[in-house]
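Some notes on the structure that comes next.
The values are calculated or read from the model by the stated rules, or taken from the named source; none is laboratory data. None of the values given here were measured: they were computed from a predicted structure. Cβ coordinates were reconstructed from backbone atoms using ideal geometry, including for glycine residues, and neighbour counts include every protein chain displayed.
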Amino acid sequence: MKILVTRPEPGLSQLMARLVALKKEPIAAPMLQIEISSPLAPIFGNTILITSSHALPALKRQDRNCRILSVGESTAQKAKELGFRHVFSAGGNAEKLKNLYEKMGCTAKDSWLAIGCGNNEKLYGDFLVKSLGIRRFKTYQVRWTSSLSKEVRDFLKQPIRKQILFYSSETVRSFFNLIQREEKKTDFQIDRGKIEIFCFSPEIAKILKEDAHSLEWARIEDNLSEIFK
């Protein structure tokens, strides 16, 4: 079955290769454009929290002895490759990152969050900032993709069963924005009943389940495990 992959680079190519190895037919449809910030001047503190590998390039001038607390193992590995000596992975989501922070006895005055800014110009990380009382600094900017490629547009219009992978809440919102724009055109209609959706987390799936068209999709899964069987 063909699968639309909405994740942007970095990460899209690796995910596509993984799907091909599993005999899947992935189609690249990055819903976001990532603008990396210039490296931040050294910031006081001994602990940096990271929720995305997109934040890492902006940390090149930070003390390599700072503790790095990462949401996932992949980002943690990239932080090690950047030279950080004390890297820890929460192995999950923001809630698990919060738990790791508290377990390690970190303090708000010595910690900060390296975070992105959404398409709506608001910084991510509200949950961690409010629950931990830490500072946050912008390390990358997210922009929604401005249009669907012809390949993606034609794929969505095909009257066949298909799948879509959503990697983040922002990719879902970007996709919805483009679909709503396209459906205003008389020559573009998609059959949601033939589309199975797989999300990286329950938080992402929640957005789809709360949408007005939620019951029209063939299937909404809140994890990617079924895809990688």
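Quick notes
- Wholly within region 1-108, helices (runs of 4 or more DSSP H) carrying at least 2 residues that are farther than 22 Å from residue 127 by Cα: 12-21, 73-81
Residue by residue, here is whether (1) in a loop (DSSP other than H, G, I, E, B); (2) at pLDDT below 90; (3) over 22 Å from residue 15 (Cβ atoms); (4) not assigned by TED's automatic domain parsing to the domain that holds residue 27 holds:
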{"site": "129", "(1), (2), (3), (4)": "no, no, yes, yes"}
{"site": "151", "(1), (2), (3), (4)": "no, no, no, no"}
{"site": "165", "(1), (2), (3), (4)": "no, no, no, no"}
{"site": "182", "(1), (2), (3), (4)": "no, yes, yes, no"}
{"site": "193", "(1), (2), (3), (4)": "no, no, yes, no"}
{"site": "207", "(1), (2), (3), (4)": "no, no, no, no"}
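- Residue within region 6-21 that is closer than 30 Å to residue 99 by Cβ, at pLDDT 95 or above and not assigned by TED's automatic domain parsing to the domain that holds residue 117 present: yes
- Test for residue 95: is it within 21 Å of the chain's Cα centre (by Cα), in the same structural domain as residue 56 (by TED's automatic domain parsing) and under 12 Å from residue 51 (Cα atoms): yes
- Residue pairs meeting the criteria (Cβ under 9 Å; at least 6 apart or on separate chains; first free of Cβ contacts under 8 Å to residues at least 24 places away in the same chain, in region 173-202; second among the β-branched types (Val, Ile, Thr) and not in a helix (DSSP H, G or I)): 179/190; 183/190
- Members of region 153-163 that are within 17 Å of residue 220 (Cα to Cα) and either of a type in the set (Ser, Thr, Tyr) or part of a helix (DSSP H, G or I) (or both): 156
- Odd one out for residue 146, checked against (1) of a type in the set (Ser, Thr, Tyr); (2) surrounded by fewer than 16 Cβ atoms within 10 Å (Cβ to Cβ); (3) in a helix (DSSP H, G or I): (3)
- Residue 121 in contact (Cβ under 8 Å) with a residue 12 or more places away in the chain and not in a strand (DSSP E or B): no
- The numbered conditions (1) without any contact (Cβ under 8 Å) to a residue 60 or more places away in the chain; (2) over 14 Å from the mean Cα position of the chain (by Cα); (3) crowded, with 17+ Cβ neighbours inside 10 Å are all true for residue 53 except (2).
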